[in-house]
Amino acid sequence: RDAAEKAREARVEAVAEVDDEVMELYLAEQALSVEALKAGIQRLTLALKGVPTYCGSALRNKGIQPLLDGVRDFLPNPTQVPAITGQNPDSGDTESRPPKDDAPLAALAFKIMVDQNQRLTYVRLYSGTLKFGQEVYNSIKQTSEKVARILRMHANKREPLEEAHAGSIVALLGLKATTTGDTLCSRHHPIVLEPISSYVPVISLAIEPVTRDDQERLGPALARVSEEDPSLRIHVDEDTGQTLLSGMGELHLEVITHRLEREFHTHVRSGRPQVVYRETIAKGVE
């Protein structure tokens, strides 16, 4: 208890140094409630004057619940961040979308996932309201699609919603052309938000199907996996004829090959890519 009280006193002093409201209570030697201290920590976090730090271990499930509470207590909610900016694809002008329900729709698709044989498109609504059955405009692909269902995801549980509001993160069913980084908006108020850029792969792995049945399943399986993971690149080397998976590391590629076997029942052999050497005659002599 003595150690905890000393640590709390040090925390109060650290917050009081950068937050005026906490400083007034501290100098007046008034009792500082947990709510007042949390409010002070949130203010200095939003002002980028301090960073709340937690210790824990995800592997052993230690400290995870306090960390999630800290996300809720200290990080900004959608109404506490500036309006998102983007470019009007028609005029080229920069426009902003405030986090309000009555503003024009602006949402960013940040993840594609196939779950229970259904294609889920995860989106973050920056402004406006989205209702199921509503038609949305993809300003990147320049196509319109209809939202069949709106789901709030809780790990592997789904909660159907009638509508989603500004600031929400939801999964949509029914979008076929939308991919990672696309902007969904209103056709009458088009906007293109900053897309998500993927990293350049650093390592490659050669794969080949084990049986003829695996060969037939490999193409569709790779197409599905690459749609979900933009950092994965798949191409066929014209010189060697090998199918190459390129990703962010050995573990990344190992997970992909396990997914091919586990989810798509496609068995593959993997190994190092072959390197083709060429020689040429530099000059002719007699």
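Some points to look at:
- Under the shape rule built on the C-alpha gyration tensor, where the axes satisfy a ≥ b ≥ c, region 16-118 is oblate, since a/c reaches at least 1.5 while a/b does not exceed b/c.
- Here the extension length gained between ARG11 and ASN117 equals 33.2 nm, from 0.36 nm per residue of separation less the Cα-Cα distance.
- Given +1 at the Cβ of Lys and Arg, -1 at the Cβ of Asp and Glu and no other charges, the dipole of region 1-123 around its Cα centre is 740 debye to the nearest 20.
- Carbon plus sulfur fraction of accessible area for region 66-170, probe 1.4 Å, in percent: 50 percent
- Whole-number accessible area per residue in Å² for the chain, which is evaluated in the context of all protein chains at 1.4 Å: 66 Å²
- Chain lengthening between HIS165 and THR53 when straightened (0.36 nm per residue, less Cα-Cα): 37.3 nm
- Take the Kirkwood radius over Cα pairs of the chain, plug it into Stokes-Einstein at 25 °C and 0.890 mPa s, and you get 105 µm²/s for translational diffusion.
- Taking label points 7 Å from Cα along the Cα-to-Cβ direction, LEU251 and ASP93 give a separation of 4.8 nm.
- Taking 0.36 nm per residue of separation and subtracting the Cα-Cα distance, full extension of the segment from ALA3 to SER198 would add 65.6 nm.
- Estimated vicinal HN-Hα couplings, Hz - region 18-32 in sequence order (Karplus 6.51, -1.76, 1.60; Gly, Pro = x): 10, 10, 5, 5, 5, 5, 4, 5, 5, 5, 7, 6, 8, 5, 9
- Two-site label geometry, ARG278 and HIS258: point separation in nm, points 7 Å out along Cα→Cβ: 4.0 nm
- Using Cβ point charges alone (K and R +1, D and E -1), the dipole size of the chain about the Cα centre works out to roughly 720 debye.
- In the chain, helical runs assigned H by DSSP with n ≥ 4 each contribute -39500 (n - 2.57); averaged across all residues and rounded to the nearest 500, the mean residue ellipticity at 222 nm is -9000 deg cm²/dmol.
- Taking N as its residue count, the alpha carbon Rg of region 120-259 over 2.2 N^0.38 Å: 1.27
- For region 206-261: rounded, prolate or oblate by the Cα gyration tensor [a/c cutoff 1.5]: oblate
- Protection proxy ranking of 88-101, 14-27 - average other beta-carbon atoms within 10 Å, highest first: 14-27, 88-101
- Contact order normalised by residue count of region 98-214, Cα under 8 Å, 6+ apart, percent: 29 percent
- Annotation: region 1-61 has a Kirkwood hydrodynamic radius of 12.6 angstrom, from the mean reciprocal C-alpha pair distance.
The values are calculated or read from the model by the stated rules, or taken from the named source; none is laboratory data. Computed from a prediction, not measured in an experiment: that's the story for all the values here. With ideal geometry, Cβ positions are generated from the backbone for all residues, glycine too; neighbour counts draw on all protein chains shown. Remember, those area values only see protein heavy atoms, side chains included, never the ligands or the DNA or RNA. Shrake-Rupley method; radii C 1.70, N 1.55, O 1.52, S 1.80 Å.
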